[in-house]
Amino acid sequence: MQDSRRVLRQLANLRRSIACSCALALGCGTGTDDRPETAAYVSAAILVPYCGRAACHSNATRAHGLNFGSVDDCIATMQSPTVVVPGNPAVSRLVTVLTDSRRVMPPDTPLPTADIELITRWVAGGAEGLQ
């Protein structure tokens, strides 16, 4: 059990390293965020690798009733009436938790500010892909 957790952590760290390398290679540091603001992208690129880990919001744990273990699980979870309120990030649980300065998510590796901003813009813009 301990070994499988270690392997999952290593895989998550590898995914983050690859994502950061790709972001740098593509010039994401230029100040323009050209990433798609869609449910599929937010799920696959941000929520599954950062939040859907075994100890957090996975199929097995579903901490606080949130399951980000796969893209399909993310979309189903975000379709809950309080998790994402299209057009209203101020009352969307996903955004309020990520932007709450009293708790950092994920606790071990905080979500980058650019990712939180992307999620907030996506919700504010109507949460494309959830309808």
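Any read-out appearing in this document is the output of simple, stated calculations on the displayed coordinates, not a laboratory observation. As the structure is a computational prediction, the values presented were derived from the model and not from experiment. Cβ sites come from the backbone with ideal geometry, for glycine too, and all protein chains shown count toward neighbours.
Please list, in order, the residues from the range 43-71 whose amide nitrogen is less than 12 Å from a point placed 7 Å along the Cα→Cβ vector of residue 100. Only 64 fall inside the zone, counting backbone N under 12 Å. When you count the other C-beta atoms within 10 angstrom of each residue and take the mean per peptide, 70-82, 115-127 line up highest first as 115-127, 70-82. Cα convex hull, the range 33-131: 87 Å³ per residue, rounded to a whole number. Protection proxy ranking for 55-64, 37-46, using the average of other Cβ atoms within 10 Å per residue and placing the highest first: 37-46, 55-64.
With the simple model of a label 7 Å out from the Cα in the direction of the Cβ, residue 109 to residue 62 spans 2.6 nm.
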